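Scroll down for the structure; my scribbles are underneath it.
The values are calculated or read from the model by the stated rules, or taken from the named source; none is laboratory data. Treat the numbers as computed from the prediction; the structure is a model and nothing was measured. In this analysis, Cβ positions are derived from the backbone assuming ideal geometry, glycine residues included, and neighbour counts consider all displayed protein chains.
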Amino acid sequence: MRIAFLCKRRYMSKDVILDRYARLYEIPRQLALLGHEVLGLCMSYQNAAPGQWTHDAAPGTLQWESYAAGHAIVPALAAYPARMLKRLRAFKPDVLIGASDIPHVVLTAWLARRLGVPYAIDLYDNFEGFGQARIPGFVPALRRAVHEAGLVLTTSEPLQQLVLNDYRAKGTVVSMPSSVDLQVFHPSGKTDARQRLGLPLQARLVGTAGGLYRDKGVEPIYQAWPQLASQHPDLHLVLAGPYQPELPPPQGERVHYLGQLSHAQVADLFCALDVGIISILDTPFGRYCFPQKAYEMLACGLNVAVADIGEMSSLFATTPQLLFKAGDANGLVAAVDHQLSSPTTPAITVRDWATLIGEIEPQLMQLCA
């Protein structure tokens, strides 16, 4: 198949092309590794340098092209659909895949109609929870595009049900969680990992990594820390990721803020900790997301304390002692206490990207047929 994949350039604070990061990179890459000719088209809202890249993905091919909105972002975005239509007419795709946000989902549907080819949509989150959804007309356009798609991938089963019941999708809807690179995220020596990050070797460590933002659920961690610190004199808190000035990390000799880490350093962190925290709020985002850090922590063999919301409720259903009510700092303390006193590792298999995309490939081929 000749597959065109459309998405934004930056995803979860990473560059999709240069960092070769996560879901938006792995879907086209794995399809190319299965022997298909894949063209990735990225729009950079942050004006990353445009260009073309060829990544090794034999027996298939993976070509990336990036475009920058520039300072005149509105005129650039208005001209982008026509530019993509011209490019895709030259490429002659068999199928389009749209991902990353509302504009790219809607654009993919528009392009597919004009090219006369089928299209698939990947929803790595509930895009109605994004800031873009406040722009008049965006949500109805999103719902129409998803409704008409021949195949829809969702990152969680709750999101799959939303697409089936509310969007009334006409095509096939498949729940496909985001996996992780198991070459990077795997169990390794705790002492070595702590040394590489400059963390105390003998203390017990609890923490997390990711966007340390109020709407992403970090506040219950900050609220729980004084109680955890009082109950466990040998416990230290470790945090990594960007934060907003109005909600900075806690201060103190037993708090370690590591800044923004590389992919490999995040794996080191999850190998260094004794307990990892996955805190999500009961919001439209939280109810439908699949936090990638859940699989990253599990792949590293890290014991976790997890907010009881959305897909996490199902994933950790057999170990309810690890769950705490979303947003509840006291419940978080109890879950961490349990993991410190009676460590429990759930029997959850992390399937790699090759397996997940291998299961999706027949659906795409059927769509083209």
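Beta carbons closer than 6 Å, at least 6 apart along the sequence or on distinct chains, pair a first residue in the range 38-53 that is within 30 Å of residue 365 (Cβ to Cβ) and in the same structural domain as residue 77 (by TED's automatic domain parsing) with a second that is of a type in the set (Gly, Ala, Ser) and surrounded by 14 or more Cβ atoms within 10 Å (Cβ to Cβ) for 38/32; 39/4; 42/66.
Checked against (1) assigned to a helix (DSSP H, G or I); (2) within 21 Å of residue 99 (Cβ to Cβ), residue 179 passes all but a single condition, namely (1). Note on the range 59-78: among residues that are at pLDDT 95 or above and not in a strand (DSSP E or B), the one that is farthest from residue 27 (Cα to Cα) is 59.
Does residue 352 satisfy the criteria of being of a type in the set (D, E, K, R), surrounded by fewer than 19 Cβ atoms within 10 Å (Cβ to Cβ) and modelled with pLDDT of 95 or more? No; evaluated as a whole, the condition is false for this residue. If you go through the range 34-58 and pick out every residue that is outside any strand (DSSP E or B), crowded, with 20+ Cβ neighbours inside 10 Å and out of contact with any helix residue (DSSP H, G or I) (no Cβ under 7 Å at 6 or more places or on another chain), you end up with 1. Looking across 324, 290, one residue alone is under 17 Å from the mean Cα position of the chain (by Cα), assigned by TED's automatic domain parsing to the domain that holds residue 232 and not aliphatic (A, V, I, L, M). It is 290.
Looking at the range 318-340, is at least one residue surrounded by fewer than 19 Cβ atoms within 10 Å (Cβ to Cβ), closer than 18 Å to residue 207 by Cβ and in contact with a Pro (Cβ under 8 Å, 6 or more places away or on another chain)? Scanning the range 318-340, I find no residue that is surrounded by fewer than 19 Cβ atoms within 10 Å (Cβ to Cβ), closer than 18 Å to residue 207 by Cβ and in contact with a Pro (Cβ under 8 Å, 6 or more places away or on another chain), so the answer is no.
The selection criterion, being in contact with a Leu (Cβ under 8 Å, 6 or more places away or on another chain), basic (Lys, Arg) and not in a strand (DSSP E or B), holds for residue 29.
Candidates 196, 143, 168, 204: the one that is under 24 Å from the mean Cα position of the chain (by Cα) and of a type in the set (D, E, K, R) is 143. The conditions of being touching a Cys at 6+ places or on another chain (Cβ under 6 Å), buried (at least 19 other Cβ atoms within 10 Å of the Cβ), assigned by TED's automatic domain parsing to the domain that holds residue 358 and assigned to a loop (DSSP other than H, G, I, E, B) are met by residue 100.
Only one of the listed residues (162, 205) is in a helix (DSSP H, G or I), touching a residue at least 12 places away in the same chain (Cβ under 8 Å), surrounded by 15 or more Cβ atoms within 10 Å (Cβ to Cβ) and not hydroxyl-bearing (Ser, Thr, Tyr). That residue is 162.
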